1. Checking Ala398 against (1) touching a residue at least 60 places away in the same chain (Cβ under 8 Å); (2) open to solvent by less than 10 Å² (accessible area, probe 1.4 Å); (3) over 20 Å from Lys46 (Cβ atoms), which test does it fail?
2. Would you check if there is a residue in the range 325-342 being in a helix (DSSP H, G or I) and within 16 Å of ligand 2 (Cβ to nearest atom)?
3. Are there any helices (runs of 4 or more DSSP H) wholly within the range 459-509 with 2 or more residues that are at pLDDT below 95, over 30 Å from Lys352 (Cα atoms) and open to solvent by 50 Å² or more (accessible area, probe 1.4 Å), and if so which?
4. Of the residues Leu267, Leu272, Leu246, which single one is assigned to a loop (DSSP other than H, G, I, E, B) and not aromatic (Phe, Trp, Tyr)?
5. What residue, among those in the range 441-455 that are open to solvent by 30 Å² or more (accessible area, probe 1.4 Å) and among the hydrophobic types (A, V, I, L, M, F, W, C), is farthest from ligand 3 (Cβ to nearest atom)?
6. Is there a residue being in contact (Cβ under 8 Å) with a residue 24 or more places away in the chain and more than 17 Å from the chain's Cα centre (by Cα) anywhere in the range 308-318?
7. Kindly indicate whether any position in the range 358-374 is more than 20 Å from the chain's Cα centre (by Cα), part of a loop (DSSP other than H, G, I, E, B) and not acidic (Asp, Glu).
8. Kindly list the number of the only condition in (1) in contact (Cβ under 8 Å) with a residue 12 or more places away in the chain; (2) farther than 29 Å from Gln110 by Cα; (3) assigned to a helix (DSSP H, G or I) that fails for Lys352.
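The values are calculated or read from the model by the stated rules, or taken from the named source; none is laboratory data. These figures come from a predicted structure and were not determined experimentally. Cβ sites come from the backbone with ideal geometry, for glycine too, and all protein chains shown count toward neighbours. With ligands, DNA and RNA removed, areas are computed over all heavy atoms of the protein, side chains included. Shrake-Rupley method; radii C 1.70, N 1.55, O 1.52, S 1.80 Å.
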Amino acid sequence: MKILRLILGDQLNPNHSWFKKLDDEILYVLMEVKQETNYVLHHAQKILGIFAAMRDFKSVLTKENHQVIYLGINEKSNLHSFKANLKNLFDQYNVQKFEYQEPDEYRLDQDLMELCNEVSIQSECFPSEHFFTHRFEVSEMFVGKKQWLMESFYRAMRKKHCVLMSEDGKPVGLKWNFDHENRKAWKGEPKVFEDHRPIHDHSELWDEITTARIKSFGNHNASQFRWPLNRKEALKHLDFFIGHILIYFGDYQDAMHKDETRMFHSLISFALNTKMLSPKEVVSAVEKSYLSNQLSINTAEGFIRQIIGWREYIRGYYWAHMPALGDQNYFNHQLPVPNWFWNGQTKMNCLKYTINQSLDEAYAHHIQRLMIVGNFSLLAGLHPKSLHEWYLGIYIDAFEWVEMPNTLGMSQFADGGKLASKPYVSTANYINKMSNYCEGCYYSKNERVGDKACPFNSLYWNFFIANSQQLSKNPRLAIVNKQIRDMDPNLIEDIKLQAKNLIKNIENI
Ligand code: FAD
Ligand code: DLZ
Ligand code: SF4
């Protein structure tokens with residue numbers, strides 16, 4: 001029976017059981033399609049990275065003697081949608097069965113189920129064999145609960161998968177969570193390592209993308225492309241991170257600096273999300289390093305929590321809340337993303353540096369995404385969906401299942417607090433504590449009102465004043481609510497006016 005197996009651009013796992021045996025009756029297909037490049041405006045490096053990694057994967061499979069069809073972006077027969085291309089291929093190769101792996105994105109899941117119903121041949125969906133959890137495992141754990149607690153999910157995962165557990169069933173080190181209470185700012189020491197990622201020249205592929213007239217933004221950096229593009233490169237990258245950088249991760253996780261974009265972060269998200277790396281091997285490599293006394297329990301636990309905890313939890317949250325999640329807008333925010341989100345031209349240093357770095361590298365670390373871009377967006381009242389499209393386009397690791405819950409849930413509180421127990425917002429005080437962005441900024445970090453006052457300061461207080469109905473009963477916001485109750489009414493009016501003017505003038509701040 002002739003079988004056609006679809007491999008999506010984020011399903012590049014050569015260890016998937018599909019590839020364990022060779023079979024003449026099985027054809028694999030990968031396709032570069034405008035349906036996928038154009039659903040939002042993408043960063044050039046995201047398109048380039050996915051195409052280059054898909055092409056590399058094709059060559060790995062071909063070398064192993066699998067039969068692979070590859071529809072390139074400029075191929076004449078390419079109809080630029082999965083369904084149209086697949087229907088064509090079913091006819092062309094007289095296919096009797098269609099097989100695919102569970103897509104991680106709701107949209108594609110629907111698309112492929114629809115296709116299976118439309119055609120008369122057999123079809124079967126296979127697990128992607130990537131995650132620790134199945135799609136609904138997290139939601140099953142929280143049935144009937146108003147607030148989901150990541151920490152209880154994380155502990156259950158540690159027990160279930162026997163990660164950092166003693167033989168008596170207790171967590172290693174007798175604590176579940178060694179979260180660094182005092183995250184440090186970075187003042188130049190310890191030195192940040194040279195960028196150890198591989199360098200690729202993908203100028204020719206970039207020419208093909210331009211010939212196909214794919215719209216994109218950001219720096220393509222095609223001749224010096226820095227992201228791991230296959231499993232071998234990804235493993236080497238991970239190894240270096242665990243061996244040299246991870247020890248500093250916990251202390252400096254929240255630190256930001258004008259001159260250092262990577263700090264002590266792993267930059268494994270692209271390799272993980274495209275499934276070149278498996279979360280299980282990342283967790284066991286870190287655990288092994290701890291067991292051989294190369295890492296402290298604090299360091300190992302803190303990083304493992306990101307993978308087995310946050311990443312899986314976020315995915316479970318996505319599947320539990322789709323398709324409604326995309327339209328959540330708890331505060332009814334309506335402002336479109338300002339133009340300077342696309343070119344970095346703002347007088348606010350923190351946003352200027354973070355956005356320009358994102359345009360250059362298709363990367364910003366968690367705190368830059370959450371406490372600079374997300375913080376500003378929530379305080380200014382940007383429309384959550386328009387912001388979601390920006391995040392989905394700009395970061396190389398952005399796939400809807402992970403980006404959307406982080407943006408709408410964690411960062412914008414658009415779900416009314418199901419994912420985050422309080423909004424992640426701050427004044428300039430936090431930004432100044434964790435970074436050197438405020439040095440030399442056009443705005444003054446200490447002022448709330450006036451021409452030079454830092455926008456975060458009035459927008460912060462204005463946000464709690466304007467949304468007091470939704471937020472005044474939140475026990476985690478007791479202090480801020482009391483501060484507003486005790487505030488001089490004249491100051492409240494000044495803050496409201498200052499914030500109103502800033503929002504009116506948002507394109508020029
Ligand atoms: P590190 O800081 O080194 O962390 C290690 C790994 O932990 C990450 O690679 C990631 O796999 C995992 N992790 C840590 N936090 C999270 C989290 N909150 N959600 C899921 N995984 C997590 N992550 C994405 O992979 N894709 C996205 O599109 C994405 N969009 C985001 C949007 C917003 C608004 C926010 C606040 C966060 C977003 N994140 C996203 C989560 C996080 O910022 C990135 O995973 C991280 O910055 C990737 O860089 P890194 O590999 O250097 O991570
Ligand atoms: C993001 C992306 C892009 C830009 N292009 C393609 C493509 O041409 N072909 C493909 O198979 N996948 C692509 N992807 C990834 C998908 O859009 C999608 O995000 C994931 O497969 C869903 O999990
Ligand atoms: Fe950002 Fe305000 Fe600091 Fe300027 S002063 S960098 S706008 S926090």
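1. Result: Ala398 fails condition (3) only.
2. If we filter the range 325-342 for residues that are in a helix (DSSP H, G or I), which is where we start, we get 325-327, 340-342.
With the extra rule that they be within 16 Å of ligand 2 (Cβ to nearest atom), the set shrinks to 325-326.
Checked the range 325-342: at least one residue is in a helix (DSSP H, G or I) and within 16 Å of ligand 2 (Cβ to nearest atom).
3. On the way: elements: 468-471, 478-485, 489-504.
In the range 459-509, the matching helices (runs of 4 or more DSSP H) lie at 468-471, 478-485.
4. Details: Leu272 fails: assigned to a loop (DSSP other than H, G, I, E, B); Leu246 fails: assigned to a loop (DSSP other than H, G, I, E, B).
Only one candidate passes the filter, namely Leu267.
5. Among those residues, the one meeting the criterion is Val449.
6. Here is the first cut: in the range 308-318, the residues in contact (Cβ under 8 Å) with a residue 24 or more places away in the chain are 308-318.
Next cut, more than 17 Å from the chain's Cα centre (by Cα) only: none.
No, the range 308-318 has no match at all.
7. The answer is no; no qualifying residue exists.
8. Answer for Lys352: the failing condition is (1).
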